[in-house]
Amino acid sequence: MKNPVAAFAAFGILTLGSVAAAQDTAALPVTIVIHGGAGALAPGRYTPAKEAQFIAKLNEALDAGYAILEDGGAALDAVEAAIVTMEDSPLFNSGKGAVFTRDGKNELDASIMDGATLNAGAVTGVTTVKNPIRLAREVMENSVHVMFAGNGADKFAEQQGLEIVEPEYFYTEHRWKSYEEALKREKEQKDSAISHDFKYGTVGAVALDASGNLAAGTSTGGMTLKNFGRVGDTPIIGAGTFADNKSCAVSSTGHGEYFIRLTIARDICAQVEYAGKTVEDAAKDVIHGRLETLGGGGGVIVLGADGAFAMVFNTPGMFRGVKSASGVNTTAIYGD
Ligand code: ASP
């Protein structure tokens with residue numbers, strides 16, 4: 001496998017988010033930050049028309065979440081609304097448009113966490129639930145457990161009356177083509193099985209509401225050619241998702257195996273809570289320090305209890321956006 005650190009170094013250090021770092025903590029601005037996946041997203045990767053589609057969908061997701069916050073709604077509801085918008089879009093690797101497993105199936109993972117209570121819900125290997133993030137929330141709010149897997153998760157969704165779809169619902173032609181290409185590359189031994197396709201589209205959101213509560217959520221189809229039973233970081237609380245009003249809310253995207261081993265989301269919040277770091281410094285330490293040292297690639301969105309935010313990644317790009325009562329309203333794809 002190509003060393004991702006070397007590959008990403010060529011694109012420099014890419015961060016954004018200091019804009020909000022100096023906000024007045026006495027009047028916290030409601031804020032939502034989203035991502036739509038990190039990876040090999042260099043300028044020229046998409047046509048201007050395709051870029052416009054991505055940006056429009058990111059704005060739609062931001063608006064869906066922000067409208068709730070603006071009305072005095074809960075951070076959890078804003079996170080769920082933003083993620084559902086992206087799950088329903090074939091552009092992203094979550095819900096409709098998820099990548100294919102080695103067996104040619106779509107197996108979805110999601111998690112959500114409430115920073116006020118530290119309650120959390122997660123699902124992995126879901127195959128029939130239209131919006132896995134809604135199921136994660138059901139697990140959090142209407143079960144005594146934190147995580148459901150596979151058939152049990154699908155069954156729980158039915159019991160809770162969530163929208164159920166045929167597995168074919170998740171199919172998209174472009175993901176099927178990527179799957180076939182990945183198989184071909186692997187056969188020709190030009191690439192390692194799982195190294196190349198975490199580039200588009202896991203989705204996530206973090207939000208701060210008018211009551212000062214934080215929430216985080218993440219949803220994905222995982223990585224192309226993932227083996228049967230593989231669980232990535234997305235449904236792992238502390239790796240793919242974490243939220244605590246005492247520190248911050250984080251949603252991750254990238255090569256999940258590294259994010260699990262480094263408990264990336266929790267590590268960032270721990271650095272904020274115990275070491276008094278800013279969300280941006282903590283995120284940089286983890287993404288440009290620990291993750292790169294291990295050879296992993298990806299990014300995070302982080303929102304602090306004080307309203308400061310960071311979007312940090314060591315890949316060439318990350319679909320991302322922020323909308324805040326402080327006046328920030330921005331989306332981006334590449335590391336500019
Ligand atoms: N983190 C996801 C996983 O490993 C993939 C991604 O974020 O692109 O399943």
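The values are calculated or read from the model by the stated rules, or taken from the named source; none is laboratory data. What you see is a predicted model, and the numbers here were worked out from it, not measured in a lab. Neighbour counts are summed over all protein chains in view; Cβ atoms, including those assigned to glycine, are modelled from backbone coordinates with ideal geometry. Only protein heavy atoms, including side chains, enter the accessible area calculation; ligands, DNA and RNA are left aside. Shrake-Rupley method; radii C 1.70, N 1.55, O 1.52, S 1.80 Å.
Radius of gyration (Cα atoms) of region 122-191, expressed as a multiple of 2.2 N^0.38 Å: 1.43.
What percent antiparallel are the DSSP beta bridges of region 38-150, to the nearest 5? Each step should come with its number before you reach the end.
Details: 5 of 8 bridges.
Counting DSSP beta bridges with both partners in region 38-150, the antiparallel share is about 60 percent.
Exceeding 22 Å between C-alpha atoms, which entries from my cross-link table qualify? They are Lys50/Lys96; Lys130/Lys184; Lys96/Lys226.
Numbers: Lys50/Lys96 17 Å; Lys130/Lys184 30 Å; Lys96/Lys226 18 Å.
From the list (Lys50/Lys96; Lys130/Lys184; Lys96/Lys226), the Cα-Cα distance tops 22 Å for Lys130/Lys184.
Among 294-304, 163-173, 240-250, 71-81, the peptide with the highest mean count of other Cβ atoms within 10 Å heads the list, and the full ranking is 240-250, 294-304, 71-81, 163-173.
The mean accessible area for residues of the chain, using a 1.4 Å probe and ignoring ligands and nucleic acids, is 38 Å² per residue. Of the solvent-accessible surface of region 81-203, computed with a 1.4 Å probe over protein heavy atoms with every protein chain present, carbon and sulfur atoms account for 48 percent.
Rounded to the nearest percent, how much of the accessible area of region 267-336 (1.4 Å probe, protein heavy atoms only) is carbon and sulfur? Display every interim value, and only then the final one.
Numbers: 960 of 2030 Å².
C and S atoms contribute 47 percent here.
Per residue, the convex hull around the alpha carbon atoms of region 35-124 comes to 119 Å³. Sequence neighbours fewer than 8 away in the same chain don't count; with that in mind, list the lysines whose C-alpha is under 28 Å from Lys246. Within the straight-line cut-off, Lys246 pairs with Lys277, Lys284, Lys323.
Could you please tell me the mean projected area of the C-alpha convex hull for the chain, averaged over all directions and given in square nanometres to one decimal? Show your work: numbers first, answer last.
Details: hull surface 60.6 nm².
Taking a quarter of the hull surface, the average projection is 15.1 nm².
What Kirkwood hydrodynamic radius, in Å, does region 222-304 give when the mean of 1/r is taken over all pairs of distinct Cα atoms and then inverted?
On the way: mean 1/r = 0.0801 Å⁻¹.
Computed over Cα pairs of region 222-304, the Kirkwood hydrodynamic radius comes out at 12.5 Å.
Dimensions of region 74-152 based on its C-alpha atoms, expressed as ranges along the principal axes with the largest first, amount to 38, 25, 14 Å. Charge tally for Ala275 (other residues, Cβ to Cβ under 11 Å; Lys, Arg +1; Asp, Glu -1): -3.
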